[in-house]
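The values are calculated or read from the model by the stated rules, or taken from the named source; none is laboratory data. Keep in mind the model is a prediction, meaning the values are calculated, not measured. Using ideal geometry, Cβ is built from the backbone for each residue, glycine included, and neighbour counts are taken over all protein chains shown.
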Amino acid sequence: MHHAVIAATGLYTPPHSLSNAELVETFNTYVERFNAANAAAIEAGEVQPLVPSSVEFIEKASGIKSRYVVDKSGLVDPEVMRPIIPERPNEEISILAEIGVKAAEQAIARWGKPASQIDAVICAASNMQRAYPAMAVEIQQALGMDGFGYDMNVACSSATFGIKTAADYIATGSARAVLMVNPEITSGHLNFRDRDSHFIFGDVATAVIVERAEDATGGWDILGTRLKTVFSNNIRNNFGFLNRAAPEGIGQPDKLFVQEGRKVFREVVPMVSEMIVEHARDLGLDPTALKRLWLHQANINMNELIGRRVLGREPTPQENVIILDEYANTSSAGSIIAFHKHNDGFGAGDTGLICSFGAGYSAGTVFVRKR
């Protein structure tokens, strides 16, 4: 058996930042127009009026202040309210593969070795651009690599599931180095006309290189990985290839992101907190002594409560990293952004936790130690 190391990470941030104020202005313009157009039906009680959003509501509910998006023009247009992303010819690289490659190139540069030494590519994300061919194989080709690649989807937990899979390949000798990529254009599945969720997501891509320990210089030893799933309908996106066969077509609201946020909060926080504490103790680690938590960036209230339950006290901002104020929820990429941007100040032997949780329900824990 071979030990696995997180050897390098990469991050691609889209060029367009979209503030809460910009989102709210667009949303409220849409609300005003809807209520005006349906004034008679609203007066008759046949239609419910829409309620405006506000910057204060968004920040209190989520902690999000802005997000990055691949297209901003459609999101600030109340007549469109979706990203405008034209389809590309089959001869061109797909947009999700393209941003995945950009994150991967940064990780490879930080790794300091040629891409040809990577044996496998795992593309782990919430929303796949197509069913096939796999984006991982497209990324593999763009990077000029041999070996194999495939896509996997475990919603917001995809990155930790991907790291676990990569570490298993290392352990069994199936690969010496694995590239795990998380391209997320989550703005494409978000309903920007829904007050409760129009602010949640942002776009980004991250990459992680997992390598055999004896080949690594520095990096982070993977001390243990654990995965958990429990079925729930409380976070859902029903868009898929069978929709075209349904009599009602694909225009239903559940074909975009929908969630029962309060139920998710009540059910996921204890599940994840207990999973972290139990996994730490099974590894012989004191969860209260973890130097840093790099949690999935879903909601600041969830992250703060999980942090308190795991550390047994109020965490400092350095201990419980929050990046969702700038990036919003980026699904599978959130914990990797936090780890990539805020892993400084560690000495050899210091330990931390990469953790994700989301639809499924799904959760993954990856305990790491600085080499």
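A few comments on the model shown:
- Filtered by the rule that a residue be in contact with a strand residue (DSSP E or B) (Cβ under 6 Å, 6 or more places away or on another chain) and not aromatic (Phe, Trp, Tyr), the stretch 286-296 gives LEU290, LYS291, ARG292, LEU293, LEU295, HIS296.
- Considering the stretch 200-224, the residues that are of a type in the set (Val, Ile, Thr) and at pLDDT 95 or above include one that is surrounded by the most Cβ atoms within 10 Å (Cβ to Cβ), namely THR206.
- Selection count where residues are surrounded by fewer than 13 Cβ atoms within 10 Å (Cβ to Cβ) and either out of contact with any Phe, Trp or Tyr (no Cβ under 9 Å at 6 or more places or on another chain) or touching a residue at least 40 places away in the same chain (Cβ under 8 Å) (or both), scope the stretch 225-251: 13
- When residues of the stretch 116-128 are limited to those that are in contact with a Gly (Cβ under 9 Å, 6 or more places away or on another chain) and free of Cβ contacts under 8 Å to residues at least 60 places away in the same chain, the one surrounded by the most Cβ atoms within 10 Å (Cβ to Cβ): ILE122
- Within the set GLU260, GLU267, GLU326, the sole residue that is in contact (Cβ under 8 Å) with a residue 24 or more places away in the chain, in contact with a Ser or Thr (Cβ under 8 Å, 6 or more places away or on another chain) and under 16 Å from GLY360 (Cα atoms) turns out to be GLU267.
- Evaluation of LYS228 against (1) among the basic types (Lys, Arg); (2) modelled with pLDDT of 90 or more; (3) more than 18 Å from the chain's Cα centre (by Cα) (one fails), failing number: (3)
- The residues of the stretch 130-150 that are out of contact with any strand residue (DSSP E or B) (no Cβ under 7 Å at 6 or more places or on another chain) and touching a residue at least 40 places away in the same chain (Cβ under 8 Å), listed by number, are ALA131, GLU138, ALA142, LEU143.
- In the set (1) of a type outside the set (S, T, N, Q); (2) closer than 19 Å to GLY188 by Cβ; (3) in contact (Cβ under 8 Å) with a residue 24 or more places away in the chain, GLU79 fails one condition alone, (3).
- Residue pairs whose Cβ atoms lie under 7 Å apart, separated by 6 or more positions or on different chains, with the first residue in the stretch 270-283 and touching a residue at least 60 places away in the same chain (Cβ under 8 Å) and the second surrounded by 13 or more Cβ atoms within 10 Å (Cβ to Cβ) and part of a helix (DSSP H, G or I), are VAL272/ILE306; ILE276/PRO287; ILE276/VAL310; ALA280/PRO287.
- Any hit, the stretch 291-307, residues being in contact (Cβ under 8 Å) with a residue 60 or more places away in the chain, of a type outside the set (Phe, Trp, Tyr), surrounded by 15 or more Cβ atoms within 10 Å (Cβ to Cβ) and over 23 Å from GLY63 (Cβ atoms): no
- Restricting the stretch 160-180 to residues that are in contact with a Ser or Thr (Cβ under 7 Å, 6 or more places away or on another chain) and among the aliphatic types (A, V, I, L, M) leaves a set whose member that is surrounded by the fewest Cβ atoms within 10 Å (Cβ to Cβ) is ALA167.
- Hey, ALA348 buried (at least 19 other Cβ atoms within 10 Å of the Cβ) and either at pLDDT 95 or above or closer than 17 Å to VAL204 by Cβ (or both) or not: no
- Any hit, the stretch 83-96, residues being without any contact (Cβ under 8 Å) to a residue 40 or more places away in the chain, within 24 Å of the chain's Cα centre (by Cα), buried (at least 16 other Cβ atoms within 10 Å of the Cβ) and closer than 23 Å to LEU18 by Cα: no
- The single residue among GLU278, GLU314 that is more than 27 Å from VAL5 (Cα to Cα) and surrounded by fewer than 16 Cβ atoms within 10 Å (Cβ to Cβ) turns out to be GLU314.
- Of the residues making up the stretch 33-44, those that are more than 14 Å from ASP194 (Cα to Cα) and of a type outside the set (S, T, N, Q) are ARG33, ALA36, ALA37, ALA39, ALA40, ALA41, ILE42, GLU43, ALA44.
- Filtered residues of the stretch 52-74 (kept if more than 20 Å from the chain's Cα centre (by Cα) and either closer than 21 Å to LEU96 by Cβ or not in a loop (DSSP other than H, G, I, E, B) (or both)): VAL55, GLU56, PHE57, LYS60, SER73, GLY74
- Conditions (1) surrounded by fewer than 18 Cβ atoms within 10 Å (Cβ to Cβ); (2) modelled with pLDDT under 95; number of the one not met by SER197: (1)
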